[in-house]
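The values are calculated or read from the model by the stated rules, or taken from the named source; none is laboratory data. Keep in mind that this is a model prediction, so the values were computed, not measured. Reconstructed Cβ throughout: ideal geometry from the backbone, glycine too, with neighbour counts over all protein chains shown. Please note that ligands, DNA and RNA were not included when accessible areas were found on the heavy atoms of the full protein model with its side chains. Shrake-Rupley method; radii C 1.70, N 1.55, O 1.52, S 1.80 Å.
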Amino acid sequence: MVKRFALITLQMNVALMNCPPLKITFLGTGTSTGVPMIACACEVCTSSNAKDKRLRSSILVESSSTSVVVDTTPDFRYQMLRSDIKKLDAVLFTHPHKDHIAGLDDVKAFNFFSGKAMEVYANNLTEEALKREFAYVFADKKYPGIPEINLNTIDLAPFLIGDIPVTPILVWHLKMPVFGFRFGSFTYITDANRIDEAEKEKIKGSQVMILNALRHKEHLAHFSLSEAIELVHELKVPAAYFTHISHQLGLHDQVVNGLPTGIGLAYDQLQLLIG
Ligand SMILES: [Zn+2]
Ligand SMILES: [Zn+2]
Ligand SMILES: [Zn+2]
């Protein structure tokens, strides 16, 4: 009983803890196919605007001492090279779909320079998929040169990575539970089409939120553009950017022109300073 009380106190402390100033970098803002999509000749996929080129969705969250990536996409290696990331302390996973986990093998480069296993934070569902899809990483007999990872199982309890407090938010991706994350006054949610009322409370008070908005037309597992706008207004978050974007959403510059005040489309390599 005493032990449990101590744990609850710790979790509350993390939730209330001051978050240091953060720099957010969008490593990718595309849906699972990326934009351009292979073999597509549409006006978005053939656009010469750099903002219409979207790797798979992921962000880097940095304080002055801690760097965390949310998801390791199939583009993870190139994303690390393109943003010149020299140090990575942890990987935080949202859910086990391939476009969010496929790049995990490439954390081995960070193992090599840090001399340490990579700290990986995932819920039970994602952990099962990692063990299945990267079985060689967890095998008893490991061959040389494979990534070393240290799995930390997370649930909805707030926790700390270095000096960055993290509060998981449960969202729904059709029937799959996905974790969004709140870091201080910044909230990142990808791959959702529904959020329960109680979990919405965790988002309220954010200064900036990121939300997935796939396309104009409704989709079974993702918010459409109008659904995402409606949710930002409902939660009264003053600034929002949309991510996980399909070529079907249209040209970046044209879509941005039609958005309400305070709402923008994220694009690859956009950086935000929080706090
Ligand atoms: Zn996805
Ligand atoms: Zn296209
Ligand atoms: Zn997904």
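Calculated FRET efficiency, S226 and E133, Cβ-Cβ r, R0 45 Å, to nearest 0.05? Could you put the intermediate results ahead of the total?
Working: r = 34 Å, r/R0 = 0.76.
Rounded to the nearest 0.05, the efficiency is 0.85.
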J(HN,Hα) series, region 241-251, from Karplus relation 6.51 cos²θ - 1.76 cosθ + 1.60, nearest Hz, glycine and proline x = 10, 9, 9, 6, 9, 8, 4, 5, 6, x, 5
key: DSSP bridge orientation in the chain - percent antiparallel, rounded to nearest 5   = 55
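Dipole magnitude of region 71-181 about its Cα centre, charges +1 at Lys/Arg Cβ and -1 at Asp/Glu Cβ only, in debye to the nearest 20? Please report the intermediate quantities before stating the final value.
Working: 12 positive and 15 negative charges, 48 e Å.
For region 71-181, the charge dipole is close to 240 debye.
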key: Solvent accessible area, Å² - R132, 1.4 Å probe, full protein context   = 150
task = Using a 1.4 angstrom probe on the protein heavy atoms only, line up S224, S83 by accessible area, largest first.
result = S83, S224
ask   = Where the Cα atoms of region 114-159 are projected onto their three principal axes, how long is each span, largest first, in whole Å?
value = 35, 26, 13
Whole-Å semi-axes of the ellipsoid equivalent to region 132-275 (Cα gyration tensor, √5λ, descending) = 30, 19, 16
key: Residue-by-residue Karplus 3J(HN,Hα) for region 111-119, coefficients 6.51, -1.76, 1.60, Hz, glycine and proline x   = 4, 4, 7, 8, x, 10, 5, 7, 7
task = Run the quick spin-label model on H216 and K200: label points 7 Å from Cα toward the beta carbon, then report their separation in nm to one decimal.
result = 2.6
task = Please quote Rg/Rh for the chain to two decimal places, taking the Kirkwood radius as Rh and restricting both calculations to Cα atoms.
result = 0.96
request  = Taking the Cα centre of region 182-275 as origin, work out the dipole magnitude from +1 charges on Lys and Arg Cβ and -1 charges on Asp and Glu Cβ, in debye rounded to 20.
outcome  = 140
query = Binning every alpha carbon pair distance of region 41-90 at 5 Å from zero, what are the percents per bin?
reply = 4, 18, 24, 19, 14, 10, 6, 3, 1
query = Just the accessible area for E43, please: 1.4 Å probe, Å², rounded to the nearest 10?
reply = 110
query = Can you list the residues, at least 5 places off or on another chain, whose amide H is less than 5 Å from the amide H of H216, using H built in the peptide plane?
reply = L225
ask   = Semi-axes of the equivalent ellipsoid of region 81-205: what are they in whole Å, largest first, if each equals the square root of 5 times a C-alpha gyration tensor eigenvalue?
value = 27, 17, 12
task = For region 53-77 and region 141-185, write down the distance between their C-alpha centroids in whole Å.
result = 13
task = Towards the positive end of the charge dipole of region 30-162, with charges on Cβ (+1 Lys, Arg; -1 Asp, Glu), say which of S63, P74, N124 has the farthest Cα.
result = P74
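Quick check on region 13-164: of the DSSP beta bridges with both residues there, what percent are antiparallel, nearest 5%? Spell out each step's value before the answer.
Values: 11 of 23 bridges.
The antiparallel proportion sits near 50 percent.
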query = At 222 nm, what helix-only mean residue ellipticity would the chain give, in deg cm²/dmol to the nearest 500, using -39500 (n - 2.57) for each DSSP H run of four or more?
reply = -7000 deg cm²/dmol
message = I'd like the accessible area for E199, computed on protein heavy atoms only with a 1.4 Å probe and all protein chains in place. Round to 10 Å², please.
response = 20
Kirkwood-based Rg to Rh ratio, region 87-151, C-alpha trace = 0.93
ask   = Lys/Arg Cβ at +1, Asp/Glu Cβ at -1, dipole of the chain taken about the Cα centre: which of F112, G184, I263 is farthest positive-ward?
value = F112
request  = Note down the magnitude of the dipole of the chain about its Cα centre, charges +1 on Lys and Arg C-beta and -1 on Asp and Glu C-beta and zero elsewhere, to the nearest 20 debye.
outcome  = 340
inquiry  = As a test of reading the structure, rank I85, I210 by solvent-accessible area (1.4 Å probe, protein chains only), most first.
reply    = I85, I210
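Mind listing which trypsin sites (Lys or Arg not before Pro) in region 90-131 are in a DSSP loop and have 15 or fewer other Cβ atoms within 10 Å?
Values: sites: K98, K108, K116, K131; in loops: K116.
Within region 90-131, the qualifying trypsin sites (Lys or Arg not before Pro) (loop, at most 15 other Cβ atoms within 10 Å) are K116.
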